Protein chains: 2
Amino acid sequence: NKQNQQLHPQDILKNQAEKWQISLTSEQFARKLDETDPLQHTRNEFYVPKIGTLPHGEFIDAADKSHTDPDKDCIYFCGHSLGLQPKRVRKSIDNWLKDWAELGVRGHVHGTNPFAKCDYPCIPALKTLLGAKDNEVAVMNQLSSNIHFMMISFYRPTKERFKILYEDRAFPSDGYAIHSQIRFHGYDPTEAAVLLKPRENETYIRTEDILELLKEQGQSIALVLLSGIQFYTGQFFDIKTITHAAQQKGCVAGWDLAHAVGNVPLELHDWNVDFAVFCSYKYLNSGAGCVGGIFVHSNHFDKQYPHLDGWWGNRYETRFEMRPEMDRDTGAGGFRVSNPSIHQCAVFAASLEIFEEVGIDKLRAKSKLLTQYLQYLIENEINQSSNNLKIQFITPSDPEQRGAQLSMRISGVDGKKLFNELERSGVCSDLRADVIRIAPIPLYNTFTDVYQFVSLLKTIKI
Amino acid sequence: NKQNQQLHPQDILKNQAEKWQISLTSEQFARKLDETDPLQHTRNEFYVPKIGTLPHGEFIDAADKSHTDPDKDCIYFCGHSLGLQPKRVRKSIDNWLKDWAELGVRGHVHGTNPFAKCDYPCIPALKTLLGAKDNEVAVMNQLSSNIHFMMISFYRPTKERFKILYEDRAFPSDGYAIHSQIRFHGYDPTEAAVLLKPRENETYIRTEDILELLKEQGQSIALVLLSGIQFYTGQFFDIKTITHAAQQKGCVAGWDLAHAVGNVPLELHDWNVDFAVFCSYKYLNSGAGCVGGIFVHSNHFDKQYPHLDGWWGNRYETRFEMRPEMDRDTGAGGFRVSNPSIHQCAVFAASLEIFEEVGIDKLRAKSKLLTQYLQYLIENEINQSSNNLKIQFITPSDPEQRGAQLSMRISGVDGKKLFNELERSGVCSDLRADVIRIAPIPLYNTFTDVYQFVSLLKTIKI
Ligand SMILES: Cc1ncc(COP(=O)(O)O)c(C=O)c1O
Ligand SMILES: Cc1ncc(COP(=O)(O)O)c(C=O)c1O
């Protein structure tokens, strides 16, 4: 409810525990949270892998699958990497295959989901998720390609202003894309790439440091290209404030929303974001390598930019006139290049239906509780116990500065060993160096998942 | 057999008719060709749309579906636009959905077709179809995007050499891509675009005219970018000769093989082609908007080119080390940008299996017969009849200079009306202006399809 939205999620949990007269750290509390969860039904929309079908073999001896029930759902905490399969995807694929079988090429404009317009059904839900206005969103290509198509238009370096500001620990593809664009324009990445780093002994980047850097170097920066949510630390950047500060200094502000879309509410139009790119296979649950998309602010619709053009950027109405010069579509649609893939869009549209039905605000409310609950249990049950295992969160503890994900630096025990033990106990998580990244997903994870995960952490012997 | 491959397809048909003592223009001849066709079984690999499921509604009054049997297979001649659905695609999609359901993110490296390598199973068949050596082929993006990624590396205009040679009637997306690249580099398309045109009163472009133009203007041309088979005229360019002549003049030679791959045998490596791009949804039958691909000649592997990079261009072995600088994969793989789409690759790989089983040489042999038979019947049964309808082929009549497609300029009757009548009689064809483009596809079309089509042309009243 409204009132709860003002409260810190820890206070909501505490109030609830008091009301129910149950300990915050009891299993009963987790079960009660699930029972009263208004989104409890959405888990049933997804296929949750069973413990028995997961490949423990990579990590442990196959003979040693002893202490877990293979028919139980696993604890799936990798929605930050690949979202689970929505059951309704099947129907959408069946429709496509039926149309293709019955209509052949005529399926381009006939049938249940005409191929030539199969990106369109994805747009309404995306507008809501991104906070976009008409024509500001297009579904096209994949994420890294979209970074390039956007940079071709929005990164216009000059001798005075040629730098790109991004994070030191940016996802490598973004770094490769940025370096290659800098080189393509004849500049040197060692001069042109400006990297944001956390302060010494801190794990994420302070907004004030970003603003300071923009103040100092802003006039030489052509483009600020950050991730909405940092893939490694889970930090949710203050997109509005940073965008404003960047633009005050004359920089273009673009955002990689791979880990933000479908995870946190976004208001890209109101925040005056210049452009953004995203993928659909993480929080949007559309399958490995599914189609990506772009956001372009309406401020830019009437301006002339360089483009790398393809026929799909032509307005639908005149596209098949095949004019010698392109009749560019309005806004983001004018950046499209190739005809949409029904393989991808059929799945994406089906998955997005769930977001339309549930709404991102409800998801975010539950997500904050889930992640806070996880943090609280680890702080209380692990870090304050006498076990060797200690966990440092490199993710901000402020719920407003993070999404679903918590990144946990493991100490006291070997991270890889802990990860393997979790894996064989039926927890699907992600390890990079000594950091385990997990994300309880409000659409399909439960409070009991979180409780059981922490119980495992407590009892696992390494 | 070997001997037949030397013969002109018209002679093969004639010899056959003599041997069987049947008239070349009889229905019996068509039936006998089908019965003795070594590829007759492959049609059963595909879903051929029924007359009754096709949308005649767009063209004719729904009440007027009288004289055709709705349960009969249509005559599908639009494989040049969207190939039919291979039945085995379903199994491949089912495997993917099962892996996703059971493995979640672990499906990236486990399961029947691990997501993170799902482009690899497509490579062996493509190498054969393209005539490519190891590492010369990558499956990525879609066609128009691939034109851009290739041009970023291979179109390096200088003041002295900045022009691009392509066809006047190139597919519009190629034209838009070329113009936008020219502009991006600061040149003017009206100066930099050199257009090949047929001679007056001719319909396709003579190789000698291309060579002449290269001789005259070659030293100012940076890139020759033609289609292997012209989408409109169906002309199969002499890729080897043109590539050689272009390179002699210091130009790079790139080819758009949208209409050539899976249609005609290609020997890109031996022909010394610099690069090529292709799509998978026409002759390769992989569904609307399915993934595209590139060919890069091994000559270029060790050279330094500008790139627009993404993490998928990193070698597989080190990709997840996420190094600050890319460790580029060898050859075409180093051009990849984003992680592959299992949605697309699962379908593409399944479809390509059929090509591996049948072999392009057998397909080409049948294709030449089908297309020649079509041409012969039209010349004899239509153009020499007293009907008003006259058909001019704008496609070369030399079988070596075309693939499956025949493009027919309609005169004597209204093209649009004829097209509509064909449509309602169960023929799926393609109309652009006064040209009907049809392609009998050796994998799923029959000699009887061709015979019946020409019978319809003879009897249709407009
Ligand atoms: C010759 C040619 N080039 C380019 C394209 C555009 O393909 P895409 O939409 O996959 O980029 C097509 C599509 O039909 C084509 O036939
Ligand atoms: C933040 C971020 N950027 C870029 C990418 C690369 O995505 P793609 O392979 O779809 O281009 C990813 C993929 O996980 C990502 O998380």
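The values are calculated or read from the model by the stated rules, or taken from the named source; none is laboratory data. Everything numeric here is computed off the predicted structure, so don't read it as measured data. In this analysis, Cβ positions are derived from the backbone assuming ideal geometry, glycine residues included, and neighbour counts consider all displayed protein chains. Heavy atoms of the whole protein, side chains included, go into the accessibility calculation; ligands, DNA and RNA do not. Shrake-Rupley method; radii C 1.70, N 1.55, O 1.52, S 1.80 Å.
Numbers for the structure displayed
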| item | result |
| --- | --- |
| Options B:V264, B:V277; residue that is closer than 20 Å to B:V337 by Cα, touching a Gly at 6+ places or on another chain (Cβ under 8 Å) and not aromatic (F, W, Y) | B:V277 |
| Set B:Y232, B:Y283: member being open to solvent by less than 20 Å² (accessible area, probe 1.4 Å), within 16 Å of ligand 1 (Cβ to nearest atom) and in contact with a His (Cβ under 8 Å, 6 or more places away or on another chain) | B:Y283 |
| A:D168 vs. criteria within 27 Å of B:R315 (Cα to Cα) and at pLDDT below 95 | yes |
| The stretch B:90-103, subset over 16 Å from B:P340 (Cα atoms) and facing chain A (nearest Cβ under 7 Å), residue most open to solvent (accessible area, probe 1.4 Å) | B:R90 |
| Test: A:G333 is within 16 Å of ligand 2 (Cβ to nearest atom), within 23 Å of A:A116 (Cα to Cα) and out of contact with any helix residue (DSSP H, G or I) (no Cβ under 6 Å at 6 or more places or on another chain) | no |
| Whichever residue in the stretch A:129-147 is of a type in the set (S, T, N, Q), within 16 Å of ligand 1 (Cβ to nearest atom) and more than 16 Å from the chain's Cα centre (by Cα) and, among such residues, is surrounded by the fewest Cβ atoms within 10 Å (Cβ to Cβ) | A:S145 |
| Filtered residue count, the stretch B:319-329, keeping only those that are in a loop (DSSP other than H, G, I, E, B) and either open to solvent by less than 70 Å² (accessible area, probe 1.4 Å) or within 16 Å of ligand 1 (Cβ to nearest atom) (or both) | 4 |
| Residue in the stretch A:186-194 that is among the polar types (S, T, N, Q) and more than 16 Å from ligand 2 (Cβ to nearest atom) present | yes |
| Residues within the stretch A:235-263 that are aliphatic (A, V, I, L, M) and away from ligand 2 (no atom under 14 Å from the Cβ), tallied | 6 |
| Some residue of the stretch B:317-331 being more than 14 Å from every other protein chain (Cβ to nearest Cβ), in contact with an Asp or Glu (Cβ under 8 Å, 6 or more places away or on another chain) and among the aliphatic types (A, V, I, L, M) | no |
| Members of the stretch A:265-296 found to be within 14 Å of chain B (Cβ to nearest Cβ), assigned to a loop (DSSP other than H, G, I, E, B) and aliphatic (A, V, I, L, M), listed by number | A:L284, A:A288, A:V291 |
| Counted residues, the stretch B:274-311 - those being among the aliphatic types (A, V, I, L, M) and over 17 Å from B:K127 (Cα atoms) | 2 |
| Restricting the stretch B:148-179 to residues that are under 24 Å from B:P198 (Cα atoms), within 11 Å of chain A (Cβ to nearest Cβ) and among the aliphatic types (A, V, I, L, M), the residue that is farthest from ligand 1 (Cβ to nearest atom) | B:I178 |
| B:C78 closer than 30 Å to B:T233 by Cβ and either open to solvent by 10 Å² or more (accessible area, probe 1.4 Å) or not acidic (D, E) (or both) | yes |
| Scope the stretch A:374-417; condition open to solvent by 50 Å² or more (accessible area, probe 1.4 Å) and charged (D, E, K, R); matching residues | A:E379, A:K390, A:D398, A:E400, A:R409, A:D414, A:K416, A:K417 |
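Every residue, every condition in (1) in contact (Cβ under 8 Å) with a residue 60 or more places away in the chain; (2) in contact with a strand residue (DSSP E or B) (Cβ under 8 Å, 6 or more places away or on another chain), yes or no:
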site: A:P121; (1), (2): yes, no
site: A:L126; (1), (2): yes, yes
site: A:L130; (1), (2): yes, yes
site: A:S145; (1), (2): yes, no
site: A:M150; (1), (2): yes, yes
site: A:H179; (1), (2): no, yes
site: A:L196; (1), (2): no, yes
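Okay, residues lined up against (1) open to solvent by 10 Å² or more (accessible area, probe 1.4 Å); (2) closer than 30 Å to B:K91 by Cβ; (3) touching a residue at least 24 places away in the same chain (Cβ under 8 Å); (4) more than 9 Å from every other protein chain (Cβ to nearest Cβ):
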site: B:I239; (1), (2), (3), (4): no, no, yes, yes
site: B:Q248; (1), (2), (3), (4): yes, no, yes, yes
site: B:G254; (1), (2), (3), (4): no, no, yes, yes
site: B:N299; (1), (2), (3), (4): yes, no, yes, yes
site: B:P306; (1), (2), (3), (4): yes, no, yes, no
site: B:G334; (1), (2), (3), (4): no, no, yes, yes
site: B:S338; (1), (2), (3), (4): yes, yes, yes, no
site: B:H343; (1), (2), (3), (4): no, yes, yes, no
